[in-house]
Structures are given as C-alpha cells and as structure tokens.
Amino acid sequence: MAMSRAAAAIRQRRRGPLLPASRSVASLFGHVEPAAKDPILGVTEAFLADPSPEKVNVGVGAYRDDNGKPVVLECVREAERRIAGSTNMEYLPMGGSAKMIDESLKLAYGEDSEFIKDKRIAAVQTLSGTGACRLFADFQKRFLPDSQIYIPTPTWANHHNIWRDAQVPQRTFGYYYPDTKGLDFAGLMNDIKNAPDGSFFLLHACAHNPTGVDPSEEQWREISHQFKLKNHFPFFDMAYQGFASGDPERDAKAIRIFLEDGHQIGCAQSYAKNMGLYGQRAGCLSILCDDEMQAVAVKSQLQQIARPMYSNPPLHGALIVSTILGDPALKTLWLKEVKGMADRIIGMRKALKENLEKLSSPLSWEHITNQIGMFCYSGMTPEQVDRLTKEFHIYMTRNGRISMAGVTTGNVAYLANAIHEVTKPN
C-alpha cells in the first residue's frame, strides 16, 4: 500500500500540481465570447437555410456560371491532368515556387520588365491575396514601426482586420462619392496631399472592392504624380487582374503607370478570381527595391516572417498557376476563359440596368454599367437590403454590394423587380 501511494505521488509530481476547482481547464476559457459572424459568410449561411425556391444569393464573392454553378476553368483542368503523378509532395522553400513567382512577376510588371531583368523585385509565394497583404503588413510593422497605412473608404472589410492584427495604425482616405455612386477624385487627391510625406497607401489596382469604381487612366496618372511629390509608398492589392476587363494588361495599367513614374511599389496578387483557384490559396507578394542586393535582403526577411506563420506555402495551386502561365497554349486558353468570365459579368450589368429601366424606375442606374468587376455598389440602404431579404429572399451584404457573379439570365428580371420595389418612392 505504501509503495502504491509513493508511486502515485511520483506520477502526480510528473504531471504537475492539480488545478484548484476554481481553475478548471474549462474555466480558463470561460471568458471567451463567440466571435461576430463574418458579414459575407453570414449572408451565405442565411441563404442556405432559406427553403424558398425563389431565393437568390448575390452576396458571395466567387464566380458562377449562368446557371449559378461554380466554375472550374478548362485550363485548370488541363493543368491538373499534366501535374497528376508527375511530381512529388515535398515541401516548397519558404519563399515558395520560383517558377510561379517568375510567372506572377511577368503578369504584374510586364513580360519585358526591366525590374525583373535587373533582379530588383523581392517576391514570395503567399496564401492568396489575403496572405500577401498580411505578410506585407507584418513586414511594414517590423521594419517601419512608426509608419501607418492609409486605406480607402470603403474597402474590403478584411483589409482593416489585416493591418489591425499586424498592429499597424490605420488612417483612411476619401474614395467613393455616394451622390454620384462614383469616384470622389477631389477628396482622394486632397487626402493624398494632406497625408504626411512618405505615407503608405493601400490602393486597389483594378475592380475596387466593394464599389467597382476605378480611377480613369488620366486620374491614375495624376494620383501617381501626387504620390511622387509626396514620396508616398503605394501598396497595390491586385485581386482581379484579367477578371475586371477581360484583359490582364489593361487591368495592370495603374501599376505600370506608377512604375513608369519611378515609384517603388508593393503588390499583392491573387489567383482566386482570375483562375478560379479560390480554395488553392495561390498568391504572390512582391516589393520593388533599389537594387538586387536590397531585393535579396527584403526577400530573406519576408521568408523569415512567413516561417513561424505557416512555414512554407502550398504546392498544388502553385503548380497549376506556373503550368498555365508557363505554357503558351494553356496561357492562351486562360486568356480566353478569363475574358469569358469578365464578359458575362459585364453582360449581366447591362441586363440588370436595362431591366430596371424597363420598370420605369425614377432613379438613375448608370452606375451599374459604369462600375467594373465582380461587384456593383448599388447605393441601396441597409433597410432596403433587409426588405430584399425578407420580402423577396434575395441575399446580399447590408452595404448594398451586389455580387454580379450571382446574377444570371434566369434571375436578373426577378432581381430587378425586387430592387425596383424596395427603392421606388412611396
């Protein structure tokens, strides 16, 4: 008996002291409250729970075909056929796939970019565009701890989360003008001029989310010029290259203008929308540096930040991207398919506008076709959106953002009628 008590005591010492009853394992986390629901994912959950056969989901930020079904591009299927059984499953380096990075840089900076040739770009593969933004935010905090980031009003909600969690102070700058449902160019330029010299600005390269409002080429040139005068640093989030207009070169125009004007830039790229690789988390972060030596140093630090986050990025998505962009025939097919997606979205914008006008709506709906990309910032109020959901089973975020990917030839008339009913004067 004494031996068993001694053995039990030894076992207990190895385990550590027992927690008091008031400090049970459960109570350690008793103060943790449920997180607020993501506004976009919450829309999808509500849509799925609705039994109505007329329900429409125009909240999801993922492309759908004209039957409302998810799409896998044929170039992606062919790339997967080529990849299958042809490679091992070893880890990628911390910086990711060199081939994918090379192809991504050519897509963003241009096939014949002098910056690529001079090896002035520090670049790493990332967990899609979100990961690229977060990696840059942490890099900014580590090496420029006194800096802050200027973010447009409005922007993709996760931008605020990313820089907040990286503990980078945030400021906002004017972007959208509700009265015209277009660009507040005067407010934007004024905020750029009034920001402290050398400030960091987050810019949407194309297809601004959530508004679909982009500066014109001439306006981008004026923005670039003012950035040069103020020595600001532009960080471009390019989530929709090719998906916005159907032409990747056109969609990269803002970046090319800043490069022509001699800026150092940062760029986050994503292949979620333009290749439909939503679940593969394929992206790239690049920073243009003064010279090759600086680029090597910056890349090494980006890798060091990534190491304790996720160690190294995933393989499969990188193989798909590099296979498509690295093969002339597959790249040609991709260009055709991404244009097809963009053209369908543009066509649905036109159809929605025309259907609203047929209903003799007293409101102007020109902004539907003036805007570009996945989303239409409709101008509807939260109360009007709530009516759409309650009375017509139409689901979208309460800021009035319509995902044009969810609009089809089968539901566009129903959607237009519902919008007309909730927006017409009493």
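The values are calculated or read from the model by the stated rules, or taken from the named source; none is laboratory data. Since this is a predicted model, take the numbers as computed values, not measurements. Because the Cβ atoms are built from the backbone with ideal geometry, glycine has one as well, and the counts that use them run over all protein chains shown. Note: areas computed on protein heavy atoms with side chains; ligands, DNA, RNA excluded. Shrake-Rupley method; radii C 1.70, N 1.55, O 1.52, S 1.80 Å.
Listed by position, the helices (runs of 4 or more DSSP H) enclosed by segment 9-93 that each have at least 1 residues that are within 23 Å of the chain's Cα centre (by Cα), at pLDDT below 95 and surrounded by 10 or more Cβ atoms within 10 Å (Cβ to Cβ) are 39-49.
Considering segment 366-388, and only residues there that are open to solvent by 60 Å² or more (accessible area, probe 1.4 Å) and not polar (S, T, N, Q), the residue that is nearest to residue 207 (Cα to Cα) turns out to be 366. Every test in (1) over 22 Å from residue 246 (Cα atoms); (2) open to solvent by less than 60 Å² (accessible area, probe 1.4 Å) is passed by residue 292 save one, and that test is (2).
Considered as a group, the residues in segment 160-186 that are assigned to a loop (DSSP other than H, G, I, E, B) and in contact with a helix residue (DSSP H, G or I) (Cβ under 7 Å, 6 or more places away or on another chain) include one that is modelled with the lowest pLDDT, and that residue is 181.
A quick yes/no check of all residues on (1) open to solvent by 40 Å² or more (accessible area, probe 1.4 Å); (2) assigned to a strand (DSSP E or B):
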{"site": "221", "(1), (2)": "yes, no"}
{"site": "225", "(1), (2)": "yes, no"}
{"site": "236", "(1), (2)": "no, yes"}
{"site": "240", "(1), (2)": "no, no"}
{"site": "244", "(1), (2)": "no, no"}
{"site": "250", "(1), (2)": "yes, no"}
{"site": "255", "(1), (2)": "no, no"}
{"site": "258", "(1), (2)": "no, no"}
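Close Cβ contacts (under 9 Å, 6 or more residues apart or on different chains) running from residues in segment 340-365 that are closer than 19 Å to residue 207 by Cβ and open to solvent by 60 Å² or more (accessible area, probe 1.4 Å) to residues that are outside any helix (DSSP H, G or I) and among the small types (Gly, Ala, Ser) comprise 343/246; 346/245; 346/246.
If you go through segment 94-118 and pick out every residue that is open to solvent by less than 20 Å² (accessible area, probe 1.4 Å), of a type in the set (Gly, Ala, Ser) and either at pLDDT below 95 or part of a helix (DSSP H, G or I) (or both), you end up with 2.
The combined condition, being within 22 Å of the chain's Cα centre (by Cα), of a type in the set (A, V, I, L, M), within 26 Å of residue 38 (Cα to Cα) and at pLDDT 95 or above, is fulfilled by residue 402. The residue pairs whose first member lies in segment 31-42 and is within 22 Å of residue 375 (Cβ to Cβ), whose second member is of a type in the set (D, E, K, R), and whose beta carbons are closer than 8 Å, counting only pairs six or more residues apart or on different chains, are 37/45; 39/398.
Among the residues of segment 119-126, is there at least one that is of a type outside the set (Val, Ile, Thr), modelled with pLDDT of 95 or more, out of contact with any strand residue (DSSP E or B) (no Cβ under 8 Å at 6 or more places or on another chain) and open to solvent by 10 Å² or more (accessible area, probe 1.4 Å)? The answer is yes, given that some residue of segment 119-126 is of a type outside the set (Val, Ile, Thr), modelled with pLDDT of 95 or more, out of contact with any strand residue (DSSP E or B) (no Cβ under 8 Å at 6 or more places or on another chain) and open to solvent by 10 Å² or more (accessible area, probe 1.4 Å). Selection of segment 139-164 for residues being open to solvent by 30 Å² or more (accessible area, probe 1.4 Å), within 19 Å of residue 123 (Cα to Cα) and in contact (Cβ under 8 Å) with a residue 60 or more places away in the chain yields 142, 143.
For segment 305-327, filtered to residues that are in contact with an Asp or Glu (Cβ under 8 Å, 6 or more places away or on another chain) and of a type outside the set (A, V, I, L, M), the residue that is nearest to residue 124 (Cα to Cα) is 322.
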